[in-house]
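Trainee: Shown below is the structure under consideration.
The values are calculated or read from the model by the stated rules, or taken from the named source; none is laboratory data. Predicted model only: the values in this text are computed from it and were never measured. Note that we place each Cβ from the backbone using ideal geometry, even for glycine, and neighbour counts take in every protein chain shown. For the accessible areas, the whole protein counts, side chains as well, though only heavy atoms, and no ligand, DNA or RNA atoms are used. Shrake-Rupley method; radii C 1.70, N 1.55, O 1.52, S 1.80 Å.
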Amino acid sequence: MLSGVIEPRVRVEVLRDEADDRASLYDATFRGLHAEVKEVPAVWLYDERGSGLYEEITRLPEYYLPRREAEILRDRAAVIAKRAQARALVELGAGTAKNSRLLLDAIEAEGTLERFVPLDVSEQVLRASAQAIAAAYPRVFVHAIVGDFERHLGALPRNGRRLIAFLGSTIGNLYPDQRGRFLRTIASMLAPDEAFLVGVDLVKDVARLESAYNDSRGVTETFVRNVLTGLNRELGATFDQQRFVYEARWDPDHEWMDIGLRAGQAHSVSIPRLELDLAFEEGEPLRVEISTKFRREQFELEAARARLRVESWWTDSAGDFAVALVFRHASDDNPPRAVSFERRRRRTA
Ligand code: AVI
């Protein structure tokens, strides 16, 4: 574990181990390319260039998600801050932490804010945003954690009541089983008075959903194609961009956007560092990510299965996006003490 102090109020803790991460990414890539629908882990999207492209996506007119979420947070941040009484705002997958500022402002105004704990896989993005937040909030200590929200939640600092935020509908990029595991981990790490705040994109008109991922400037396509560039660079692969077309389409059965590339013709690709020769049929898809869209009842059910309770559910004025304030299930706060069979028998006798 590496630690570094850049300026007195910023601490950057690196939980990722590069060699370990690379080994597990290569392993997941190998497995994904052998799945029924060939797939590349979405982590490949977020190299330095990809992170910049994603920032650009968040400003696209078609990509409504961050603006809708900001509208909700502007309206509700004060209520959230009052309810959460948080000394620390923890943000999972923080990136440039744009919408977190709305929460930081409100928690600061509530008078409880001491620390901001952003967690992100990208060290570079995190260091820059940690510095920017420290400069903008002179009374706040920033403890940035370079890590993965699926693996490093257990390492989050616990000194003082936390509000744990997972914004931007990033939860929608997890498959249902991963999401279940993630929510169960959140439930297990929340203290009874701590809150989890999650932003989710909602099911809506298909044309609007598809245009959010098929923007007219082609930024999302470049973002997704950048994965092939990364695979060629890092694994010595021979993916040829010309042989693939970009595709982002609504899958009504799973209620997710299916995002990736499709082989225009039958051909093979070699990936020497994975010792793999891969045959693509004409029209065969290569998935890069899914982006699930939610319905309230479904989300509440998933939360309940993970022993979480949705206390508030706010949407923007257009009903496009929702922010949910979630707590551990009340009945888990004081689990009933096991009464032995012998004592029960005596009591009922
Ligand atoms: C990060 N995540 C919430 C984005 C999404 O909408 O699923 C990633 C993205 N992919 C293409 N555009 C945006």
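Trainee: Among the residues of region 247-276, which ones are assigned to a strand (DSSP E or B) and open to solvent by 40 Å² or more (accessible area, probe 1.4 Å)?
Mentor: From region 247-276, those assigned to a strand (DSSP E or B) are 247-251, 256-263, 267-271, 276; that's our starting set.
If the condition is that a residue be assigned to a strand (DSSP E or B) and open to solvent by 40 Å² or more (accessible area, probe 1.4 Å), then 247, 249, 262, 268 are the ones that fit.
Trainee: In region 277-299, which residues are in contact with a Leu (Cβ under 9 Å, 6 or more places away or on another chain) and either among the charged types (D, E, K, R) or open to solvent by 20 Å² or more (accessible area, probe 1.4 Å) (or both)?
Mentor: The answer is 285, 287, 289, 293, 295, 296.
Trainee: Can you name every residue in region 170-182 that is of a type outside the set (Phe, Trp, Tyr), within 16 Å of the ligand (Cβ to nearest atom) and assigned to a helix (DSSP H, G or I)?
Mentor: Of the residues in region 170-182, the ones of a type outside the set (Phe, Trp, Tyr) are 170-174, 176-181.
Filter once more, so that each one left must be within 16 Å of the ligand (Cβ to nearest atom): 170-174, 176, 178-179.
Hits for region 170-182 are 170, 171, 172, 173, 176, 178, 179.
Trainee: Would you say residue 122 is on the phi > 0 side of the Ramachandran plot and touching a residue at least 40 places away in the same chain (Cβ under 8 Å)?
Mentor: Numbers: on the phi > 0 side of the Ramachandran plot: no; touching a residue at least 40 places away in the same chain (Cβ under 8 Å): yes.
It is false that residue 122 is on the phi > 0 side of the Ramachandran plot and touching a residue at least 40 places away in the same chain (Cβ under 8 Å).
Trainee: Just wondering, is there one or more residues in region 183-203 that are modelled with pLDDT of 95 or more, open to solvent by 10 Å² or more (accessible area, probe 1.4 Å), outside any strand (DSSP E or B) and within 16 Å of the ligand (Cβ to nearest atom)?
Mentor: Scanning region 183-203, I find at least one residue that is modelled with pLDDT of 95 or more, open to solvent by 10 Å² or more (accessible area, probe 1.4 Å), outside any strand (DSSP E or B) and within 16 Å of the ligand (Cβ to nearest atom), so the answer is yes.
Trainee: In region 113-148, what residues are surrounded by fewer than 15 Cβ atoms within 10 Å (Cβ to Cβ) and either closer than 21 Å to residue 17 by Cα or of a type in the set (Val, Ile, Thr) (or both)?
Mentor: 124, 128
Trainee: Tell me yes or no: at least one residue of region 237-246 is open to solvent by 30 Å² or more (accessible area, probe 1.4 Å), under 30 Å from residue 303 (Cβ atoms) and more than 11 Å from the ligand (Cβ to nearest atom).
Mentor: In the first step, residues of region 237-246 are kept if they are open to solvent by 30 Å² or more (accessible area, probe 1.4 Å); the result is 238, 240-243, 245-246.
If we keep only those that are under 30 Å from residue 303 (Cβ atoms) too, we end up with none.
No; the residues of region 237-246 include none that is open to solvent by 30 Å² or more (accessible area, probe 1.4 Å), under 30 Å from residue 303 (Cβ atoms) and more than 11 Å from the ligand (Cβ to nearest atom).
Trainee: Please indicate, with yes or no, whether at least one residue in region 179-194 is among the basic types (Lys, Arg), over 25 Å from residue 55 (Cα atoms), in contact (Cβ under 8 Å) with a residue 40 or more places away in the chain and out of contact with any helix residue (DSSP H, G or I) (no Cβ under 6 Å at 6 or more places or on another chain). Walk me through how you get there before you give the answer.
Mentor: If we filter region 179-194 for residues that are among the basic types (Lys, Arg), which is where we start, we get 179, 181, 184.
Now restrict to residues that are over 25 Å from residue 55 (Cα atoms): 181, 184.
When the remaining residues are screened for being in contact (Cβ under 8 Å) with a residue 40 or more places away in the chain, the result is 184.
Then drop every residue that is not out of contact with any helix residue (DSSP H, G or I) (no Cβ under 6 Å at 6 or more places or on another chain), which leaves 184.
Yes, that holds for at least one residue.
Trainee: Please work out which one of (1) within 16 Å of the ligand (Cβ to nearest atom); (2) hydrophobic (A, V, I, L, M, F, W, C); (3) farther than 30 Å from residue 268 by Cα is the condition residue 84 fails and give its number.
Mentor: Of (1) within 16 Å of the ligand (Cβ to nearest atom); (2) hydrophobic (A, V, I, L, M, F, W, C); (3) farther than 30 Å from residue 268 by Cα, only one is false for residue 84: (1).
Trainee: OK, next. Quick check on my filter: what residues within region 297-325 are charged (D, E, K, R) and either in contact (Cβ under 8 Å) with a residue 60 or more places away in the chain or in a strand (DSSP E or B) (or both)?
Mentor: The first filter runs over region 297-325 and keeps only residues charged (D, E, K, R), leaving 297, 300, 302, 305, 307, 309, 311, 316, 320.
Of everything in region 297-325, those that are charged (D, E, K, R) and either in contact (Cβ under 8 Å) with a residue 60 or more places away in the chain or in a strand (DSSP E or B) (or both) turn out to be 302, 305, 307, 309, 311, 316, 320.
Trainee: Report, by residue number, each residue of region 243-268 that is among the aliphatic types (A, V, I, L, M) and either at pLDDT below 95 or closer than 23 Å to residue 290 by Cα (or both).
Mentor: 245, 248, 257, 259, 261, 263
Trainee: Still on this model: Among the listed residues 158, 151, 162, 233, identify the single one that is open to solvent by 10 Å² or more (accessible area, probe 1.4 Å) and either at pLDDT 95 or above or within 16 Å of the ligand (Cβ to nearest atom) (or both). Please lay out each step first, then the result.
Mentor: On the way: 158 fails: either at pLDDT 95 or above or within 16 Å of the ligand (Cβ to nearest atom) (or both); 151 fails: either at pLDDT 95 or above or within 16 Å of the ligand (Cβ to nearest atom) (or both); 162 fails: open to solvent by 10 Å² or more (accessible area, probe 1.4 Å).
None of the other options fit; the residue is 233.
Trainee: Here is a follow-up. Any residue in region 218-230 that is over 26 Å from residue 295 (Cα atoms), aromatic (Phe, Trp, Tyr), open to solvent by 20 Å² or more (accessible area, probe 1.4 Å) and modelled with pLDDT of 95 or more?
Mentor: Taking region 218-230 as the starting set, the residues that turn out to be over 26 Å from residue 295 (Cα atoms) are 218-219, 221-230.
Okay, now just the ones that are also aromatic (Phe, Trp, Tyr), so 223.
Checking which are open to solvent by 20 Å² or more (accessible area, probe 1.4 Å) leaves us with none.
The answer is no, given that none of the residues of region 218-230 is over 26 Å from residue 295 (Cα atoms), aromatic (Phe, Trp, Tyr), open to solvent by 20 Å² or more (accessible area, probe 1.4 Å) and modelled with pLDDT of 95 or more.
Trainee: Right, next: Looking only at strands (runs of 3 or more DSSP E) that lie completely in region 1-107, which have at least 1 residues being surrounded by fewer than 20 Cβ atoms within 10 Å (Cβ to Cβ)? First the steps, then the outcome.
Mentor: Numbers: elements: 2-5, 10-14, 88-92.
The strands (runs of 3 or more DSSP E) meeting that bar are 2-5, 10-14.
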